[in-house]
């Protein structure tokens, strides 16, 4: 596992005219075996999930996002497929569905980018349209790049 800096941008839209953006940067851990990339980071109060560890596993055909702590969930994203997940919070549990519209990623041993475009629905009603973008950079490369 390498120490990395993870820049995250999430976009949520209830309708096409009302988008909410959340941009934040955090430290995390990352590993890449030539085919599968895994990263892990702690959520903060900025995301509203402080006390939760998020792990992202990027495989050639799918991305799995696991959250454990204050919020517990396991979301499986496969392009053009729908899946269900339990969303456990201190206030209760809900079954939600995600329909993955698009996944793109370019990872190597130093980091890279992941983007997921998906729709969340609950009981067949669209809740939000979302984009989740990650940029992963090795911490030691950050310093080298800033001196260029």
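The values are calculated or read from the model by the stated rules, or taken from the named source; none is laboratory data. Please read these numbers as outputs of a predicted model, since none were measured by experiment. Quick reminder, even Gly has a Cβ in these numbers, built from the backbone with ideal geometry, and neighbours come from all protein chains shown.
Kindly establish whether residue 49 is within 20 Å of residue 115 (Cα to Cα), at pLDDT below 90, more than 12 Å from the chain's Cα centre (by Cα) and not in a strand (DSSP E or B).
no
Tally up the residues in the stretch 67-79 that are modelled with pLDDT of 95 or more and farther than 19 Å from residue 127 by Cβ, please.
2
What is the number of the single condition among (1) surrounded by 13 or more Cβ atoms within 10 Å (Cβ to Cβ); (2) farther than 21 Å from residue 76 by Cβ; (3) touching a residue at least 40 places away in the same chain (Cβ under 8 Å); (4) out of contact with any helix residue (DSSP H, G or I) (no Cβ under 7 Å at 6 or more places or on another chain) that residue 4 does not meet?
Failed condition: (4).
Just give me the residues in the stretch 61-99 being part of a loop (DSSP other than H, G, I, E, B) and in contact with a strand residue (DSSP E or B) (Cβ under 9 Å, 6 or more places away or on another chain), in sequence order.
Within the stretch 61-99, 61, 62, 70, 71, 78, 79, 80, 81 qualify.
Of all residues in the stretch 100-136, which are in a strand (DSSP E or B), more than 15 Å from the chain's Cα centre (by Cα) and within 13 Å of residue 32 (Cβ to Cβ)?
Within the stretch 100-136, 108 is the sole residue that qualifies.
Could you grab me the full set of residues in the stretch 41-64 that are crowded, with 17+ Cβ neighbours inside 10 Å and in contact (Cβ under 8 Å) with a residue 24 or more places away in the chain?
41, 43, 56, 58, 63 - these are the residues of the stretch 41-64 that are crowded, with 17+ Cβ neighbours inside 10 Å and in contact (Cβ under 8 Å) with a residue 24 or more places away in the chain.
Quick test for you: out of 21, 41, 30, pick the one residue that is under 11 Å from the mean Cα position of the chain (by Cα) and not in a loop (DSSP other than H, G, I, E, B).
When all the criteria are applied, what remains is 41.
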